[in-house]
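Every read-out reported here was derived from the displayed coordinates using simple, explicitly stated rules and does not represent laboratory data. Since the structure is predicted, the reported quantities are computational estimates derived from the model, not experimental observations. FYI the Cβ positions are ideal-geometry reconstructions off the backbone, even for glycines, and counts take in every protein chain you see.
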Amino acid sequence: MKDINISYLKQLESESIHIIREVAAEFKNPVMLYSIGKDSSVMVRLAQKAFYPGKIPFPLMHIDTGYKFEEMIEFRDWYVKEIGCRLIVERNEQAISEGTHPQKIGVDKCCAKLKTQGLLGGIKRHQFDAAFGGARRDEEKSRAKERIFSFRDEFGQWDPKYQRPELWNLYNCHINEEESIRVFPLSNWTEMDVWYYLKNEEIPIVPIYYAQEREVVDRGGILIPYDDMVKLRPGEKVEKIMCRFRSLGCSPCTGAVRSNARTIDDIIKEVEEASKSERENRIIDLTTDSSMEDKKKEGYF
Amino acid sequence: MDSHTSPNHANLLRFTTVGSVDDGKSTLIGRLLYDTQNIFDDQLEAVRKVAERKGEEEIDLSLLTDGLAAEREQGITIDVAYRYFQTSKRKFIIADTPGHVQYTRNMVTGASTANLAIILIDARRGVLEQSRRHGFIASLLQVSHMIVAVNKIDLVDYSKEVFDSIVEEYDEYSRKLDIKDITYIPVSALKGDNVVSKSAKTPWYDGPTVLHTLENVHIGSDLNVRDFRFPVQYVIRPDLNFRGYAGKIVAGSVNPGEEIAVLPSGLVSKVKTITTMDGDLEDAHAPQSVVITLEDEIDISRGDMIVRRHNLPQVENNIDVILCWMGNDPLEIGKNYFIKHTTRTVNACISKLIYMFDVNTLHRTDATEHNLFCELIKTPHRTDVNTLLLNEIGRAEIKLTQPIMLDQYNKNRETGSFIVIDPDTNFTVGAGMIRGAVRSIEETIHAEGKAEEELPVKVEIERAPVSLKEREERYKHKTAVIWFTGLSGAGKSTIAKSLERLLFSTGIHTALLDWDKLHHGLCKDLSFSDQDRIENIRRAGEVARVFYEHGSVVLCTFVSPLRCQRDQVKALIPEGRFLEVFVRCSLQTCVQRDPRGLYKKAMDGEIPQFTGINSPYEEPLNPDIILDAEYKSIEENLKALLEMLKSKGIIRK
């Protein structure tokens, strides 16, 4: 008998493709959230594979907070053109024009306005009934409890106590008008899997994942990129440090880490040896013990 | 972090952990992650801070996994959580499921995708009902490998005797289950004994550690590699020149050029290409997601299934299933539900609940899986047998508006499973495992070739050289089991004996079974206890079936006080051929008659559990006939019986 063990990356790939096709087959108007990060890149590649030789049968949607790094926006526009996919950009213009900023109103409130409200507004405006997200269960504790098909009520809210049981590979796609499902095809992937896959598949990623010298402020070990919005605190100084971003968020809330990794192999080696989780540089997770859980209940991914 | 597995070669083991509240599941998982260096410093730091805040010295490894605020508040695990870790040998996905009784649905959820289950038993508390229930559910879901981790061994001074007695007890129980292999390991999740590294404190134990078992258990054979099954998920048609069928190969393998059939249409063709973005494949197998193109233009859509021409699943719209109920609202017989099976969703109604089993009252008797199901039928305190409540499990018949392409669950998890969706709430209210098609009596009797599928799993019985149909033709009467139930002393035997004489004299093949006959031989090891009487009835039912299969009209007279006992026998015999005769007589009259002096013994306390005195009698709800043995004569009752047999077509008019 031939060896039927395919490598685990291939198994994960196959499982994710199956999930993506289920959504395309069962929902009227799905969308794939595209955050420009590495997980998004993997998810988009899986969508390409799912419908090959056809094209991805749904648009990508980017929730732009107005605080994304310039390199990210450039990459986004180039990449969607490259793969021939439709892109929708959604912004909570009102909150942006009011000058919403984490240092003004706090991290949690800022996220609620720019990300959660932006996302919910976009879903409502386009009447999407299913939205793919690149979240993984290994990222954060409350995500470990998340279903692959996650039911959200008409307000986009997640109720951890009212989740649909998910058995075998059978996904329940039944919802009423106004309700939606968030779908996480990368649920069972880990950070390492994502990096190996990016390497194996030679998927392009935003250059700020790679190390280079950047002007930053060292704030308690987190390297904050220096720009006009950063007000130096007493004793702080702007330094040029070799660093990179391990995960991409909004510039005021995403710190860089010291690194010399200039290639994907360097990054893999670095992540393998890392003693801290990938979200260590994400200020948004750290505000309370259950900050992510609270955000998700409101409608955040 | 530990040195990582090569993502291109290593394989993936999915396992689930189950145990009762406080058995230490979360701690065991925390220990596995911690000792294999799969915990990041910042995650550990967060847990350390909690310990500091609470003024505890040792960090609580369970906090690494209990994620939700409500769980931390209550110190319990609410919902299935998924964890990931890897070693140099394998990558692991853990479905961490709560063991609390009200969360059976979560346990079923976790077990549905698992190759292996770790069942925790607290060494101080030994084998509990829950421990058996966990094993039973794992077996029901066909989780083929099991680790029984006897945890908190440190709290019983690393006692070999405690471990051995738990192993002995659980091993005896598990022989009834359908689990390929079980490994017993003495463990202290808290101290780390035998989890990742071998403990010096258990020198008497020379088996593997938990991690060693997880890393080395052979799971390749868990996949069905024989029967090619490809449920069509999505049709890909980018232009007029390409028409491909996208889906996941859920079992078996396929090559270009192979002859295939499409179900349910039955159209045949050949595989032209197996297309992927990485190039066309020469060979594809489960669990790959691919696109298949065919030589011929045939109309195929989502929900159809592509299979090998000479290896077909069953195409059925009336199915016999084991159903785990997960809805907050009880199951409604006759209500419209959706069934999602592979990529096909159909309207369905649950037409009949055959029996339900209470997983908390398992008997430790040798039994085939089928018998186990039968023995586990409903608890005495539930009288409404026509529904399933949240977390209950039963066997049911489901009618579908369109056929599905199925295999038995124990042969193929993917084509043998389905979920039930309530159209009113859209909630997933049930999980089902298919036993096969529902067969009518005619089909069972006439379609000999299919009869095997009705037999309990794993029991291979050679087809009888002479079929029942042939016997019935020669004997010139139909076969049946006539089951007389009623209080002791009601007059069951008297009536049955007269009936047998009457039938025999008209040339009918008969057999008579009663308590006395069985008790002198087959059942002489059984007492009057409730449990033994259930076993007594089970054996009586099996003997009746043998006679039935050999063409006899079998007359059985047993008090059989519980409805579930009688239903158990009824389930062995095709529908319409099990006739329940309720011989009614008041207890007072029966006590007066007391033909064998049993009531006296019962009232003197010599028989502790005797029907009518200190053990209940459940009257049949819907018997085929009620005989009044108190006021009517034997002749009158015999006449009524003969009429009934004629009207049922058993004997000629």
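In chain A, the longest principal axis of the Cα atoms and the axis of helix A:191-200 are about 80 degrees apart.
Taking every DSSP beta bridge with both residues inside the protein assembly as shown, roughly what % is antiparallel (nearest 5)? In the protein assembly as shown, DSSP labels about 60 percent of beta bridges as antiparallel. Judged by the ratio a/c of the largest to the smallest principal axis of the C-alpha gyration tensor, region B:7-216 counts as rounded, that ratio being less than 1.5.
Suppose a student asked you for the relative contact order of chain B, using Cα pairs under 8 Å spaced at least 6 residues apart; what percent would you report? Reported as a whole number, the value is 9 percent. What the phi angles of region B:209-214 give under the Karplus curve with 6.51, -1.76 and 1.60, with θ = phi - 60°, is a coupling list of 7, 4, 4, 4, 5, 4 Hz, glycine and proline written as x. Think of region B:573-653 as having a plus end and a minus end, set by charges on the Cβ of Lys, Arg, Asp and Glu; of B:651, B:637, B:573, B:651 sits farthest toward the positive end of this dipole. Modelled label positions at residue B:636 and residue A:178, each set 7 Å beyond Cα in the direction of Cβ, lie 6.7 nm from each other. Using θ = phi - 60° in the Karplus curve 6.51 cos²θ - 1.76 cosθ + 1.60, the 3J(HN,Hα) couplings for region A:164-178 round to 6, x, 10, 10, 6, 10, 9, 10, 7, 10, 8, 9, 8, 3, 6 Hz; x is entered for Gly and Pro. Principal-axis analysis of the Cα atoms of chain B puts helix B:25-35 at an angle of about 30° to the longest axis.
Across peptide A:66-74, the mean count of Cβ atoms from other chains lying within 10 Å of each residue's own Cβ comes to 0. Specify the angular offset, from 0 to 90 degrees and rounded to the nearest 10, of the alpha carbon long axis of helix A:38-51 from the longest principal axis of the alpha carbons in chain A. For helix A:38-51, the angle is close to 20 degrees. With Cα atoms defining each centre, region B:288-347 and region A:122-150 are spaced 27 Å apart in the structure.
To the nearest 20 debye, what is the magnitude of the charge dipole of chain A about its Cα centre, counting +1 on the Cβ of each Lys and Arg and -1 on the Cβ of each Asp and Glu?
Details: 47 positive and 51 negative charges, 26 e Å.
About 120 debye.
Identify, among B:405, A:25, A:163, the residue whose Cα sits farthest towards the positive end of the charge dipole of the protein assembly as shown, taking +1 on the Cβ of Lys and Arg and -1 on the Cβ of Asp and Glu, with the dipole about the Cα centre. Final value for the positive-end residue is B:405.
Its alpha carbons give region B:229-308 an Rg and a Dmax of 11.1, 31 Å.
Let a ≥ b ≥ c be the square roots of the eigenvalues of the Cα gyration tensor of chain B; is it rounded (a/c under 1.5), or, if not, prolate (a/b larger than b/c) or oblate? Oblate is the answer for chain B, as a/c is 1.5 or above yet b/c matches or exceeds a/b.
Taking loop as defined by DSSP and a crowding limit of 13 other beta carbons within 10 Å, which chymotrypsin sites (Phe, Trp or Tyr not before Pro) in region A:128-162 fit?
Counting only loop positions with at most 13 other Cβ atoms within 10 Å, the chymotrypsin sites (Phe, Trp or Tyr not before Pro) in region A:128-162 are A:155, A:162.
Sorting the segments B:262-272, B:557-567 by their mean number of nearby beta carbons within 10 angstrom, highest to lowest, gives B:557-567, B:262-272.
First obtain the Kirkwood hydrodynamic radius of chain A from its Cα pairs, then insert it into the Stokes-Einstein equation at 37 °C and 0.692 mPa s, and state the resulting D in µm² per second as a whole number. Roughly 164 µm²/s, to the nearest whole number. Compare the Cα positions of B:477, A:47, A:110 along the charge dipole of the protein assembly as shown (+1 at Cβ of Lys, Arg; -1 at Cβ of Asp, Glu; about the Cα centre) and return the one farthest towards the positive end. Of B:477, A:47, A:110, it is B:477. Evaluating 6.51 cos²θ - 1.76 cosθ + 1.60 at θ = phi - 60° for every residue in region B:243-256, the Karplus couplings come out as 9, x, 10, 8, x, 10, 6, 8, 7, x, 9, 8, 10, x Hz, glycine and proline recorded as x.
Give, rounded to the nearest 20 debye, the magnitude of the charge dipole that chain B has about its Cα centre when Lys and Arg contribute +1 at Cβ and Asp and Glu contribute -1 at Cβ. Don't skip to the end; give the middle numbers.
Numbers: 80 positive and 95 negative charges, 369 e Å.
Roughly 1780 debye, rounded to the nearest 20.
For region B:280-359, the normalised intensity computed at q = 0.25 Å⁻¹ comes to -1.49 (log10 of I(q)/I(0), Debye sum over alpha carbons, equal scatterers, no solvent). The charge dipole of region A:65-108, taken about the Cα centre with unit charges on the Cβ atoms of Lys, Arg (+1) and Asp, Glu (-1), comes to about 100 debye, rounded to the nearest 20. Please label the shape of the protein assembly as shown as rounded, prolate or oblate, based on the square roots a ≥ b ≥ c of the eigenvalues of the alpha-carbon gyration tensor (a/c under 1.5 means rounded; beyond that, a/b larger than b/c means prolate, else oblate). Cα axes put the protein assembly as shown in the prolate bin.
So which of A:199/B:89; A:115/A:141; B:492/B:648; B:600/B:639 end up more than 25 Å apart, counting from Cα to Cα?
On the way: A:199/B:89 21 Å; A:115/A:141 20 Å; B:492/B:648 21 Å; B:600/B:639 33 Å.
Where the Cα-Cα span goes over 25 Å, the pairs concerned are B:600/B:639.
Which pairs in the list B:176/B:198; A:81/B:248; B:91/B:198; B:25/B:340; B:25/B:191 are over 23 Å apart, alpha-carbon to alpha-carbon? Don't skip to the answer; put the middle values down first.
On the way: B:176/B:198 31 Å; A:81/B:248 29 Å; B:91/B:198 21 Å; B:25/B:340 32 Å; B:25/B:191 14 Å.
Table pairs above 23 Å Cα-Cα are B:176/B:198; A:81/B:248; B:25/B:340.
Look at the stretch A:188-201: the mean tally of other chain Cβ atoms within 10 Å of its residues' Cβ atoms is 3.
Indicate, rounded to the nearest 5 percent, the antiparallel portion of the DSSP beta bridges found entirely in chain A.
Details: 19 of 31 bridges.
Around 60 percent antiparallel, to the nearest 5.
Peptide A:17-25 shows a mean partner chain C-beta count of 6 within 10 Å per residue C-beta.
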